[in-house]
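Remarks on the structure that follows.
Values quoted throughout were computed directly from the atomic coordinates according to the rules given, and no laboratory measurement underlies them. Because the structure is predicted, anything quoted here is derived from the model rather than measured. Reconstructed Cβ throughout: ideal geometry from the backbone, glycine too, with neighbour counts over all protein chains shown.
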Amino acid sequence: MGTSMEQQTVEMITRLVLQAMGAMEEKGEGFQVPVGVSARHIHLTQEHVEALFGAGYRLTKKKDLMGGQYACNETVTVVGLKLRAIENVRVLGPVRKASQLEISATDAMKLGVAAPLRESGDTAGSAPIAVVGPKGALYLEEGCIVAMRHIHMTPADAAAAGVRDGDYVSVRADNERGTVFRQVKIRVDESFTLEMHIDTDEANASQIKSGDIVTILRQ
């Protein structure tokens, strides 16, 4: 009798433990990713660097970023069609084949430009913008965009998350706002560090800061 009661107690405890573990797994399901909040910034060609900072000028590194990119010591002022300006826009290096300004939707409203929502590098037909540096100014007929949110991953991260380069996923932030981001593009490269990039508008609206953890929801 005692043995039977003992066995029943063990079985009951086992069931409770398994139920608790199942609840924990359900709550924590999905692949976790740290967030990086991207402030407004600009990528420049070498020709445009020299137009803004002087002949023969080379960008100087302030801080390394992922994928061989880096934040530069240099900043510029950007001016919209209604002569509204935003100062101290950080330049990112290295130089590119095409110049590109990435801003938030709020920035676009302030500047008075119709910046489209685009993936980085997709600037064809995007908004025009004027850029002013310490040694000169230039007018970009296109290149001003609001960057689409995305997740950088290594191939190993992608395999662990069960996703591929170019996939779109939904991501959940478990905080007071309880935000779910949909249409988040996966970008995979060996040089990347695992991180989801959102802009300042998205971060402020969802009460997320750089370093917070979000979860890719299972497909």
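Structure above, values below:
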| quantity | calculated |
| --- | --- |
| With eigenvalues of the C-alpha gyration tensor scaled by 5 and rooted, segment 74-180, Å | 31, 17, 13 |
| Inter-site label distance for Ala124 and Arg90 at 7 Å from Cα along Cβ, in nm | 3.1 |
| Protection-proxy order for peptides 61-71, 113-123, each taking the mean of Cβ atoms within 10 Å per residue, highest first | 113-123, 61-71 |
| Dipole magnitude (debye, nearest 20) for segment 122-219, charges at Cβ of Lys, Arg, Asp, Glu | 180 |
| Theoretical gain in end-to-end length, Gln183 to Ala114 [0.36 nm per residue, Cα-Cα removed] | 22.7 nm |
| Lys82-Gln32 pseudo-label distance in nm [points 7 Å out on the Cα-to-Cβ vector] | 4.4 |
| Tilt relative to the chain, helix 2-27 - C-alpha long axis, 0 to 90 degrees, to 10 | 10 |
| Peptides 142-152, 82-92 ordered by average Cβ neighbours within 10 Å, highest first | 142-152, 82-92 |
| Whether segment 136-219 is rounded, prolate or oblate, judged on the alpha carbon gyration tensor where a/c under 1.5 counts as rounded | oblate |
| Cα lying deepest toward the dipole's positive end in the chain, options Asn204, Leu138, Val89, charges on Cβ | Leu138 |
| Net charge dipole size for segment 49-97 [Lys, Arg +1 and Asp, Glu -1 on Cβ; Debye, nearest 20] | 140 |
| At R0 = 30 Å, FRET efficiency that the Cβ-Cβ distance of Ile213 and Glu141 yields, to 0.05 | 0.15 |
| Subset of Lys63/Lys135; Lys63/Lys110; Lys110/Lys209 violating a 26 Å alpha-carbon distance limit | Lys63/Lys110 |
| Check: the chain dipole with +1 on Lys, Arg Cβ and -1 on Asp, Glu Cβ, in debye | 680 |
| Hull volume in cubic angstrom per residue (convex hull over the Cα atoms of the chain) | 138 |
